[in-house]
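**Student:** Quick one: this structure, given as structure tokens, is what I'll be asking you about.
The values are calculated or read from the model by the stated rules, or taken from the named source; none is laboratory data. Quantities reported herein were computed from a predicted structural model and do not represent experimental measurements. Heads up, the Cβs are rebuilt from the backbone with ideal geometry, glycines too, and the neighbour counts pull from every protein chain shown.
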Amino acid sequence: MKKPEFKKEIRLSGSGGQGLITAGIILARAAVLDKAIVTQTQSYGPESRGGASRADVIISNTEFYFPEATHFDILLTLTQEAYDKYSENLKDDGILIADNTYVKTITLQYSEIYELPFTEIAAEKLKSSLPANILALAFLVRKTKIVSESSLKKAIKSFIKPRYVDLNLKALKLGFKLADEYESDL
Amino acid sequence: MAKKEIKKNHQEMTLMQGNEAIARGALTAGLNFYAGYPITPSTEIAEILSAELPKRGGVFIQMEDEIAGISAVIGASLAGAKAMTATSGPGFSLMLEGIGFAKMAETPCVVVNVMRGGPSTGLPTSPSQSDIMQSRWGNHGDAPAIVLYPNSVKESFELTIRAINLAEKYRTCVVLLTDEVLAHMREMVELPDFKNIRIIDRIKPTIPPEWYRHYDENPKYRTPLASYGEGYRFHVTGLAHDLYGFPTNKADEIEIMMKRLRKKITHHIKDLVQIESFRMEDATTAIFAAGITSRAAKAAVKLARKSGKRVGLLRPLTIWPFPDEAVRKLLGSKKTVIVPELNQGQLSLEVKRVLGGIWNYENRKTRKIIEVRKTNGELITPVEILNAIKEVK
């Protein structure tokens, strides 16, 4: 029997400097550890901070050709601009995760939606808004199971600079906790 | 989730960026000199080589600009190094002076051009395929070009090795084109067994120095090449030159030189031209696409086939010399040809040249060439190509 084809398109979007490409690389590395077929692409402006920025990760069990995400199974938006630009290409059964520190207006009705102020939470509980990307990524992974959590942890350890690993592992733990609590809130 | 069903020796797979694959490929091919000036989206190539070359006894120099970069590369090659530089459109424009010189002086070197949106400084962080013609016709004067264009991270590794091999083999400047998306994307790569990779070095003269002629005639147009410092004396100039490399105005000597520049490419077309043919056997519609766009095309072929449309893809890995024979035979037998590209119609112009000639009219079946063009900094998507396929009756 042929196993069913599995292909998930994930877009992580926001503004330059929010660590979205870093999050994309970590997610892709985690998927490689899970033995999936992966591509990770990105789009950003010429400036190093500000401007629209996004990272796409496609995770599949069969060979595919086009490397950019066109219709998303999972969309993470860390800014209103990113939400406005990309939400229309979220699949009907797709999952939206939005940082409502910045995303104030959500018009989508049919998808699974999670809203949390990741940037605020990071600034308050981790004393730095820098790991908001990992916080959101950890939340995303626990909610969607798109990669295994042990692979995600390994990918963070191997990719993040040593002196920031502890901070990001704290963000990872907190992100998982937020995901569990989010469910119990409902 | 995706598990276990892929490949057994999966642990050898690594997630690699396109630019990193180019740097790794160059090192595998024996690169020992890099000079250049960093420019988005090619910078990672320079970054990696600046760290790796010194460890292996090689040289990395960041020059003051791209003209100096290509000049240093040519100088290093004349002294025996396998030399390369990398840039993007704006820097490639500056390097054309040196590229023409390297072709004229028959000095092996490789220039990587990671294409971004243009003209001018254009779109530094967006993909484009607008240097296809520039890589062929950019330098002044009439000399053929060897230009390769991969479509994956793995192929970026392989074609970099091939570019350096061909430069050494044919004593010329070889251009490797890629684009911003290909250069920055990460995908899984299983690097080939290094024992099975063929590395070509330049042919060294075996005759005594006093008999040596730097541009000697050779039946296969592959003249042995001495390096400075090996005891062989020769002269190098951008002026038309005789067999020793000294300037000449004599028509018969110029004739020999120009013939060699041309023939060393045209005599070896089979060695130089590489194509990929995908689902072409029973196709009635063919897509002709290169580089990153060919991946959208391949996805479109898959989608079209699902709805019963017989579509195939012909992809050139060698852009120049243009694969005339494959285009004539494989595309000329299809009713409709679709050419998607991230420019204003550079590849399609060549397809029309090959298919459109009166000499071919009787034999070819192609009745329609559909162009899909995009120059807004975004990729052509599979659906956009699919829409073009749907137009076909």
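**Student:** Condition first: in contact with a strand residue (DSSP E or B) (Cβ under 6 Å, 6 or more places away or on another chain), buried (at least 16 other Cβ atoms within 10 Å of the Cβ) and assigned to a loop (DSSP other than H, G, I, E, B). Can you find one or more residues in segment B:326-341 that meet it?
**Tutor:** Yes: segment B:326-341 contains one or more residues that are in contact with a strand residue (DSSP E or B) (Cβ under 6 Å, 6 or more places away or on another chain), buried (at least 16 other Cβ atoms within 10 Å of the Cβ) and assigned to a loop (DSSP other than H, G, I, E, B).
So that you can scan it fast, the table gives a plain yes or no per residue for (1) over 19 Å from A:LYS145 (Cβ atoms); (2) at pLDDT below 95:
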site	(1), (2)
A:SER60	no, no
A:GLU68	yes, no
A:ILE74	no, no
A:GLN80	yes, no
A:ASP84	yes, yes
A:SER87	yes, yes
A:ASP93	no, yes
A:ILE97	no, no
A:ASN100	yes, yes
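**Student:** Would you call A:ILE74 within 9 Å of another protein chain (Cβ to nearest Cβ), at negative phi and crowded, with 18+ Cβ neighbours inside 10 Å?
**Tutor:** On the way: within 9 Å of another protein chain (Cβ to nearest Cβ): no; at negative phi: yes; crowded, with 18+ Cβ neighbours inside 10 Å: yes.
Criteria not met by A:ILE74.
**Student:** Please go through (1) free of Cβ contacts under 8 Å to residues at least 60 places away in the same chain; (2) of a type outside the set (Gly, Ala, Ser); (3) within 27 Å of B:GLY18 (Cβ to Cβ) for B:LYS329 and return the number of the only condition it doesn't satisfy.
**Tutor:** Condition not satisfied by B:LYS329: (3).
**Student:** Let me ask something else. Regarding B:PHE322, is this residue at negative phi, within 14 Å of chain A (Cβ to nearest Cβ) and among the aromatic types (Phe, Trp, Tyr)?
**Tutor:** So B:PHE322 does not fit the description; no.
**Student:** Give me the residue from segment A:22-42 that is β-branched (Val, Ile, Thr) and more than 9 Å from chain B (Cβ to nearest Cβ) and, out of that set, nearest to B:ALA183 (Cα to Cα).
**Tutor:** So the residue we want is A:THR22.
**Student:** Which of the numbered conditions does A:LYS91 fail, given that it passes all the others? Conditions: (1) within 9 Å of chain B (Cβ to nearest Cβ); (2) basic (Lys, Arg); (3) without any contact (Cβ under 8 Å) to a residue 24 or more places away in the chain.
**Tutor:** Of the numbered conditions (1) within 9 Å of chain B (Cβ to nearest Cβ); (2) basic (Lys, Arg); (3) without any contact (Cβ under 8 Å) to a residue 24 or more places away in the chain, the odd one out for A:LYS91 is (1).
**Student:** Please identify the pairs in which a residue from segment A:118-142 that is free of Cβ contacts under 8 Å to residues at least 40 places away in the same chain and closer than 20 Å to A:ILE10 by Cβ has its Cβ atom under 6 Å from the Cβ atom of a residue that is assigned to a helix (DSSP H, G or I) and of a type in the set (Gly, Ala, Ser), counting only partners at least 6 apart or on another chain.
**Tutor:** From residues that are free of Cβ contacts under 8 Å to residues at least 40 places away in the same chain and closer than 20 Å to A:ILE10 by Cβ, the pairs are A:ARG142/A:ALA179.
**Student:** For the condition assigned to a helix (DSSP H, G or I), closer than 22 Å to B:LEU261 by Cβ and of a type in the set (A, V, I, L, M), what is the one hit in B:MET95, B:MET84?
**Tutor:** B:MET95
**Student:** Quick check on my filter: what residues within segment B:126-142 are surrounded by fewer than 20 Cβ atoms within 10 Å (Cβ to Cβ) and more than 14 Å from B:LEU347 (Cα to Cα)?
**Tutor:** Across segment B:126-142, the qualifying residues are B:GLY138, B:HIS140, B:GLY141, B:ASP142.
**Student:** Turning to a different aspect of this structure: Please identify the pairs in which a residue from segment B:366-393 that is more than 14 Å from chain A (Cβ to nearest Cβ) has its Cβ atom under 7 Å from the Cβ atom of a residue that is surrounded by fewer than 14 Cβ atoms within 10 Å (Cβ to Cβ) and not small (Gly, Ala, Ser), counting only partners at least 6 apart or on another chain.
**Tutor:** Here the result reads B:ILE370/B:GLU391; B:ARG373/B:GLN344; B:THR375/B:GLN344, each pair linking segment B:366-393 to a residue that is surrounded by fewer than 14 Cβ atoms within 10 Å (Cβ to Cβ) and not small (Gly, Ala, Ser).
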